[in-house]
Amino acid sequence: MEKEKEFSDLLVDNAGFLKPFAVNLTKNNETANDLYQETLYKALANKEKYNSGTNIKAWLFTIMRNIFINDYRRNAKRRTVFDNTPEDYLINLRQVSVANSAESSLRQKEIEAAVDALPETFKVPFKLYFEGYKYQEISEYLNEPLGTIKSRIHFARKLLKEQINRY
């Protein structure tokens, strides 16, 4: 009985730091209050697992963090709907996108034009790399040192970044 009173006193004395931590995790006062209360409830429900002399703040912090992570995972699963069509798609409710083939086609043409505008020394190794060849294979094919090939591909990327407008 004395051990339970000692634990309760220790819990009350050290629970104050949990509230700001809960607000920091949740970014919402009401959700933080729920997290705070659930943490204290779990601590009381599991008081026999607390070893006397252990850092109670760290113990409470761990409980709160685990509750927060478990709630986050649970909520993420709730936002995913399983569609029982023959293709078995997973649909994320928060995800909204519409394919725009015209825009992607224009973008592709812009990228291809930028690649074609590269100086020949950069364009050839870059195109080979883009097609899936490894640095060593490109080096052997072009009969150039490996470092030169890596450098040319690096500079080709750098030039392309400068040439292509980002949206």
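Bear in mind that the values in this text are calculations on the coordinates, not laboratory data. Please read these numbers as outputs of a predicted model, since none were measured by experiment. We place every Cβ from the backbone using ideal geometry, glycine too, and count neighbours over all the protein chains shown.
Note on the stretch 1-64: Cα-Cα pairs beyond 19 Å make up 28% of the total pair count.
Among the listed pairs Lys27/Lys47; Lys27/Lys57; Lys109/Lys150; Lys123/Lys158, which are separated by more than 23 Å between their Cα atoms? If you can, show how the numbers build up before the last one.
Details: Lys27/Lys47 28 Å; Lys27/Lys57 21 Å; Lys109/Lys150 25 Å; Lys123/Lys158 12 Å.
Listed pairs above 23 Å: Lys27/Lys47; Lys109/Lys150.
Normalised size of the stretch 106-148, defined as Cα radius of gyration per 2.2 N^0.38 Å with N residues, equals 1.26. Ordering of 48-58, 154-164 by packing is 154-164, 48-58, highest average first (other Cβ atoms within 10 Å, averaged per residue).
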